Amino acid sequence: MTDNQAYFDSKEFQQILRQYEEAIQQGNSIYMDADDLADIADYYQYNGRLDEADRAINLALEYNPDAVGPLLYKAREALSLHDFATAREYADHIQAVDQQEALYLQGEILINEGKVEEADDFFREQMREVMLDEQMDYVYDVANIFSDYNAYDKAFEWMARSQGDDSDDFKELMARTLFGLGKYKDSERIFNELIDHDPYSIRYWNALANAQFMNEDYHAAITSSEYAIAIDPHDAESILSKANSLYSLADYELALTYYKKYSEIMTEDEFGFLHQGTCLINLGKFPEAKQALEQAEYLADDDSPYLPEICQELAFAYSEMHMAETALYYIDKTLDMDCDHVNMEIIRGHILLANQNPEEAEEAFKEALRLSDNSPRAMLRIIVSLYDNRYIQTSYILLKNFFRHVEKNWSEGYSYMALCCMDMKKTDEFLTYLKMATDRNPKEAKTVLGCYFPEDMAPQDYYEYMSNQIKTEK
C-alpha cells in the first residue's frame, strides 16, 4: 500500500524497527506502543517475513487487546483468508474505539466479498456524516482503499471529487491509479513531477521505471532504475527493475548479473532464481539453468504463482540436455496446477518432437487444440514449435493454410512465414511476408527477425534494407 511503503521508508519507522530488532537480538524485554508493533508486523508481512509478523502482532495484542492497529492487522489477515465473519467481528470491536477506521474496514470487507458497487454506495452514504473540513481526507482515504484493491476505476472516480488537491500524496495516488488503469504515459508524467519535488525518493524512481517498462520504453526504465540504485545500491526493487528491463532488451548476460544481485538480497524469493534460469537458458547454459531453477523450485511454496513457470523452464532445460523423461515429468507436475494447460501441452509436444518422438508429439498437439477449442493462437504456437524443430516444409504448408482461414485483420505469424520462405530460398515470397510482418506486427517482426538486421534498425525499415541486400547479392 502506498502509505505503508512511504512510512516504512521514513526515518521514524526505521528507528522504531531498529529498536525492536535490537531488543529481539539481545533477548531483552520489549516495551513498545501496540500500534508501533502493528506497523512492524505490517512491515514484516509486506516483505514476506510472516513468522516475524505473527510474533510482533501477538506481542502487540498482549500489550493492548483494544489497540486499533493490531485489530486492523488481524481483520485484514482474516480478509486474506476470506473469513468475512471474523473480519466483521473485528470491525465491531474497532467500532467502539475508532468509528472512522471501522467504517473503512467495513468498506474493505465489501470489496473483498466482490461487492465493489455496494462498497462505493456505502462510502458515499457515509460521506454525508463527514465534517466539511474533513471531506478531502475522507475522499483520499476511500480512493486509496479502492486503489489498494485494484479497483482503479472507482479510485479514479473518488479522486475526481478531490477539488484540486495538489499535494504530493494525492499526486502519487493519482499516478498509481493511472498506472493501474493502463495509462502509463500519464502515470510517468506525474511521477516525473514528483521526482522534481523529491529527486532522492527511491519509491518515485522505481514507480517511474515501472511505468516506463509497461510502456515498453526499456532504456528509459533502466535509466530510472539506475538513479534509484545510485541512491541505495542494495534496494532490491530497483535492482529487479533493471534486470527485467535488460531481459526485455534480450541482454541476457547483464540481466543475469542483476538477477543474481537481487537474489543475494532476497535469498528466499524464487522469482530471482527463476529468472536467472531463464537467462541461462537463453544463453544456452542448460546445466547452470537447471541448478538455478531447482533452487527456485525448492524455495517456491505449493501455491506460488511462479511454480508453473519454474516447471516449464525446467522442462526446457532438461529437454535441451536430452533428458526427455525428466523434462516430461515437470510438464506432468503442472497438470494439477492453476496454469495455461494448452501451453503446457504444446510444450509437451515440443519436447517430444525435439527428442525424436513425432507420433506422441502429434497426440500432445491434438490435446492442446482440443483444450483450446481449436484456437488460432494455439495452432500458430504448434506451427512455431514445428519450425523450431526444423520441420520447415511442414511449417510452410501449415502456415499457408492457416492464413487462408484467419480473420482479415489477423496480425500474428507472418514473421515465421518469412523465416520459412527465407530457409526455403523462396525470395519473392520472403519479401512479401517480410513486408506483411513489419506492417501488421512490428513487435513480432523485431523479436523473430531482428537478428537478421542492424540492432538499432526499426522494423518498418526491414523490407527496404533486405530488398537492397538481395539486389546487391544478385
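The values are calculated or read from the model by the stated rules, or taken from the named source; none is laboratory data. What you are looking at is a predicted structure, and each value in this text was computed from that prediction instead of being measured. Every residue, glycine among them, receives a Cβ derived from its backbone with ideal geometry; neighbour counts consider all protein chains shown. Note: accessible area is taken over every heavy atom of the protein model, side chains too, but ligands, DNA and RNA are not part of it. Shrake-Rupley method; radii C 1.70, N 1.55, O 1.52, S 1.80 Å.
Miscellaneous remarks
- Of the trypsin sites (Lys or Arg not before Pro) found in segment 230-284, not one falls in a DSSP loop while having at most 12 other beta-carbon atoms within 10 Å.
- Gyration tensor (Cα) of the chain, equivalent ellipsoid semi-axes in angstrom: 48, 27, 24
- Local electrostatic count at Glu464 - Lys and Arg +1, Asp and Glu -1, tallied over other residues with Cβ under 14 Å: 0
- Protection proxy ranking, peptides 175-183, 421-429, average beta carbon neighbours within 10 Å, highest first: 175-183, 421-429
- Average accessible surface for the chain: 53 Å² per residue, computed with a 1.4 Å probe over protein heavy atoms with every protein chain in place.
- Lysines with Cα under 19 Å of Lys471, excluding same-chain neighbours fewer than 8 positions away: Lys425, Lys426, Lys435
- Mean Cβ neighbour count within 10 Å, used as a protection proxy, ranking 359-365, 292-298, 27-33 highest first: 292-298, 359-365, 27-33
- For segment 337-378, the C-alpha radius of gyration sits at 1.10 times the compact-globule guess of 2.2 N^0.38 Å, with N the residue count.
- Net lengthening on full extension, Lys185/Arg128 (0.36 nm per residue, minus Cα-Cα): 17.0 nm
- Compactness of segment 27-155 as Cα Rg over 2.2 N^0.38 Å, two decimals: 1.11
- Sparse-neighbourhood loop sites, GluC sites (Glu not before Pro) in segment 298-349 - DSSP loop, at most 16 other Cβ within 10 angstrom: none
- For segment 37-144, the set of GluC sites (Glu not before Pro) satisfying both a DSSP loop assignment and a count of at most 12 other C-beta atoms within 10 Å is given as Glu129.
- Computed on the Cα trace of segment 361-412, the radius of gyration divided by the Kirkwood hydrodynamic radius gives Rg/Rh = 0.96.
- Value in Å of the Kirkwood radius, where segment 155-275 supplies the Cα pairs that are averaged: 14.9 Å
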